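Novice: My questions all concern the structure below.
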Amino acid sequence: MTGGPAFQGVTWYAACNNGSCVEVAYEEGWVGVRDGKDDGSPILVYSGDEWKSFIDAAKEGRFDFDRLAADRR
């Protein structure tokens, strides 16, 4: 993303499970997501609206593992 936030000096919030970690940070209306095991990993950047849509869908269960696996069959 050109001209977007660099996510330098921000606070990263981690969610970990059995050694797998995802970190999320906020800067200037943008949300960054990265691999929590590697501070230098690429950062996926989403607008606030995109992030809100994702969180709402997750709360509705649209990304539950069993549902995703069932849809794959």
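Every number in this text was worked out from the coordinates using simple rules, so none of it is lab data. Keep in mind that this is a model prediction, so the values were computed, not measured. Quick reminder, even Gly has a Cβ in these numbers, built from the backbone with ideal geometry, and neighbours come from all protein chains shown.
Novice: Could you go through segment 53-61 and let me know if any residue there is in contact (Cβ under 8 Å) with a residue 24 or more places away in the chain and surrounded by 15 or more Cβ atoms within 10 Å (Cβ to Cβ).
Specialist: No, segment 53-61 contains no residue that is in contact (Cβ under 8 Å) with a residue 24 or more places away in the chain and surrounded by 15 or more Cβ atoms within 10 Å (Cβ to Cβ).
Novice: Now, a different point. What pairs come out if I take residues in segment 22-40 that are on the phi > 0 side of the Ramachandran plot and pair them with residues that are surrounded by fewer than 18 Cβ atoms within 10 Å (Cβ to Cβ) and assigned to a strand (DSSP E or B) whose C-beta lies under 8 Å away, six or more apart or interchain?
Specialist: Close Cβ pairs (under 8 Å, with a partner that is surrounded by fewer than 18 Cβ atoms within 10 Å (Cβ to Cβ) and assigned to a strand (DSSP E or B)) amount to Gly29/Ser47.
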